[in-house]
Amino acid sequence: MKQSSLSLRVLKLVLTVCWWGSVIMAVLVPLALVYAASSSGNPKSDWEFSYTGYASGIDTSSLSAVDRDGREGRVEFNEGTWVQVFYPIETSAGRVKLVLLIAVVSGVVLAFFLVFIKQLKDILDTVSEGDPFVEVNAGRVRLIGVLLIVGTFGQALLRLVVSGYADSSLRTTGFQLDGNFEMNFMQLIAGVSVLVLSEVFRLGTKMREEQELTV
Amino acid sequence: MPIRVKLDERMREKGMSLTELADRVGLTLANLSILKTGKAKAVRFSTLEAICKALECKPGDLLDFDEE
């Protein structure tokens, strides 16, 4: 049975665009980094490095907001907020370090994304072929769930490391920096839900196999 | 699986081919072949009954249990 519904074709198109977009990025990013590293000796290029931190206790005394009646209100941040603090990079060694850091982070993110998209593409291919209820797809769905969960923790850990590094490296005035472990719970729940569905899928494929082999 | 289907032996005893048995039982050749080669995961009572009738035997004559 060949499926070619509009929704299926749209999904295939979206995934193909995502896939090739990621592949092109995987080629372009290293090229851009090589170019950046090779031009790092150029004194005219303005290179900046930023610390990303989680700011709280922000001094809002210089901030103001006036309403339509001309009354001045007090400004406060409900909670902390992410801030970036920029510094110029003046040495070649510092620029090369930054390029390497970007290479590692973007490499990991791209690899993660490519594996994720590949699973979706492969599942959709089996749908196009008319037989998606195969055990290998249960494994693919499970891998998607695992990637979502690992991604959630990885992201939170990265934020903690980045904000902790900023906290330990900078002396601030008018606000304070803290290490912040901020987890995307919706993404975590989505990952766990996908894992549950993968187990349902696995059992379903087993039941179908048994049904087919019942004489 | 430790359950062995002895369809081959019964068919030999009766001098019946797989095609003939499939015709008599009302199963497809492919399904009967699954049963004969031991790939089947389950057998319906109705199938067992039809095979027993066609081969004039009892269910116990068709099934064996080999402990591994």
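The values are calculated or read from the model by the stated rules, or taken from the named source; none is laboratory data. Just so you know, these numbers come straight off a predicted model, no measurement behind them. Cβ atoms come from the backbone with ideal geometry, glycine included; neighbour counts cover every protein chain shown. Heads up: the accessible areas ignore ligands, DNA and RNA and are worked out on the full protein's heavy atoms, side chains in. Shrake-Rupley method; radii C 1.70, N 1.55, O 1.52, S 1.80 Å.
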For this session: Working only within the stretch A:98-136, note down all residues that are over 25 Å from A:Val29 (Cα atoms) and not aliphatic (A, V, I, L, M).
Result: A:Asp122, A:Asp125, A:Thr126, A:Ser128, A:Glu129, A:Gly130, A:Asp131, A:Pro132, A:Phe133, A:Glu135
Seminar exercise, completed: Picked from the stretch B:9-22 (must be in contact with a Leu (Cβ under 9 Å, 6 or more places away or on another chain) and open to solvent by 70 Å² or more (accessible area, probe 1.4 Å)), the residue farthest from B:Leu63 (Cα to Cα) is B:Thr19
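So that you can scan it fast, the table gives a plain yes or no per residue for (1) under 22 Å from A:Leu101 (Cα atoms); (2) open to solvent by 50 Å² or more (accessible area, probe 1.4 Å):
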{"residue": "A:Leu124", "(1), (2)": "no, no"}
{"residue": "A:Ala138", "(1), (2)": "no, no"}
{"residue": "A:Val146", "(1), (2)": "no, yes"}
{"residue": "A:Gly164", "(1), (2)": "yes, no"}
{"residue": "A:Phe185", "(1), (2)": "no, yes"}
{"residue": "A:Val194", "(1), (2)": "no, no"}
{"residue": "A:Lys206", "(1), (2)": "no, yes"}
{"residue": "A:Glu210", "(1), (2)": "no, yes"}
Exercise. Somewhere in the stretch A:54-65, is a residue in contact with a helix residue (DSSP H, G or I) (Cβ under 7 Å, 6 or more places away or on another chain), modelled with pLDDT of 90 or more and within 30 Å of A:Gln176 (Cα to Cα)?
Worked result: yes
Problem set entry | Residue under evaluation B:Arg44, criteria (1) open to solvent by less than 60 Å² (accessible area, probe 1.4 Å); (2) closer than 24 Å to B:Asp66 by Cβ, criterion not met | (1)
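So, restricting to helices (runs of 4 or more DSSP H) that lie completely within the stretch B:7-68, which ones have at least 2 residues that are more than 10 Å from every other protein chain (Cβ to nearest Cβ) and out of contact with any helix residue (DSSP H, G or I) (no Cβ under 8 Å at 6 or more places or on another chain)? Before the answer, list the steps.
Values: elements: B:7-14, B:18-25, B:29-36, B:45-55, B:59-62.
Filter on the stretch B:7-68 gives B:7-14, B:18-25, B:45-55.
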